[in-house]
Amino acid sequence: MSQAIDEQTLQARARQQAWALSRRRRFVVVSLFALLFVFPIYWMATTALKTAPEVFAIPPVWWPANPQWHNLWDVLNPTSPNYANFAFWSYAWHTAQITLPATLGTTISSSLVAYGFSRLRWKGRDVVFYLVLATLMIPNWVTLVPLYILFNKIGWVNTYRPLVVPSFFGDAFSIFLLRQFFLRQPQELVEAARVDGASHLRVYLQIILPLARPALAVVALFAFINSWTDFFNPLIYLSNQDKYTLQLGLYNFFGQHMVDWPNFMAASLWVLAPVAILFFFTQKTFIEGITFTGLKG
């Protein structure tokens, strides 16, 4: 009897050791991938603190001997001679004028459409939904020329309207994501509210949206990142340098200072900072929304 117990104990210990070894291996693999993704940001940050000779030194300089911290603060200083052609605060204000309305428009319009696809029953609903999903397969280059001609004819070229107004007509991926989340919500709540006489608008505002905050946060974060980092659309529609966004200003600065890598990387860090800070404070909600919408790997 005692021998059988000893064998069971040994087997349990062996399973625990195997599980611990497997866990350590997974941790090592995840850590390696994390380092792989963090390394470009680390290199960008250290390059911003280097001198020009250290940037091109062989072997590479992993940390500058005398960090040039003033490079980071000079970006924010409009009178700095190193950034005379990079008006950070002006570009940031222009980018915010586009990003904030676009984020709000994408979130509101996509949630309304997703509610219609998930909670309203109407003929041809699934067909229309599949057509909306099919637009994800249409490359942007296909609609580029027709949209430019349209916006040019109505006088929207060289304004922020082509970069903001389309967001108020929904985004296919955001509609899909929110629809999946809405379908997971208890149908009994909606039915009870409808029995009590609540309209669809009231159900949407007082029941669906409060329960969908994680998914809405995911949509808003994606919309913010896409608009903040958008380079191609402002390049197409904005021709006046006084209306440039951060991405265009950074590209213009790069073109004028091809070899000034420390200053260019310092400017890039400040352009990246809002996205990194936003994700840092919303990562818990973001992960929760991704999990509940069924998009996890």
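The values are calculated or read from the model by the stated rules, or taken from the named source; none is laboratory data. These numbers come from a predicted model, not from an experiment. Neighbour counts are summed over all protein chains in view; Cβ atoms, including those assigned to glycine, are modelled from backbone coordinates with ideal geometry. Each accessible area value is taken on the protein alone, full model and side chains, heavy atoms only, with ligands, DNA and RNA left out. Shrake-Rupley method; radii C 1.70, N 1.55, O 1.52, S 1.80 Å.
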*Restricting attention to segment 152-162, does a residue exist that is touching a Pro at 6+ places or on another chain (Cβ under 9 Å) and part of a helix (DSSP H, G or I)?*
no
*Can you name every residue in segment 143-185 that is of a type in the set (Val, Ile, Thr), closer than 16 Å to PHE232 by Cβ and within 18 Å of the chain's Cα centre (by Cα)?*
VAL164
*asked:* I'm trying to understand the selection: among the residues of segment 210-232, which are in a loop (DSSP other than H, G, I, E, B), among the hydrophobic types (A, V, I, L, M, F, W, C) and surrounded by fewer than 16 Cβ atoms within 10 Å (Cβ to Cβ)?
replied: PHE231
*Checklist (1) farther than 27 Å from LEU246 by Cα; (2) open to solvent by 40 Å² or more (accessible area, probe 1.4 Å); (3) free of Cβ contacts under 8 Å to residues at least 12 places away in the same chain applied to GLY124, failing item*: (2)
*asked:* With the structure loaded, tell me whether ALA96 is closer than 24 Å to LEU269 by Cα, crowded, with 18+ Cβ neighbours inside 10 Å and among the small types (Gly, Ala, Ser) or whether it fails that test.
replied: no
*Might you let me know whether segment 187-209 holds any residue that is within 17 Å of the chain's Cα centre (by Cα), modelled with pLDDT of 85 or more and crowded, with 16+ Cβ neighbours inside 10 Å?*
no
*asked:* So in segment 65-84, with the set limited to residues that are over 14 Å from MET265 (Cα atoms) and more than 28 Å from the chain's Cα centre (by Cα), which one is least open to solvent (accessible area, probe 1.4 Å)?
replied: SER80
*Read through the list (1) hydrophobic (A, V, I, L, M, F, W, C); (2) part of a loop (DSSP other than H, G, I, E, B); (3) surrounded by 19 or more Cβ atoms within 10 Å (Cβ to Cβ), then give the number of the only condition that ALA114 fails.*
(2)
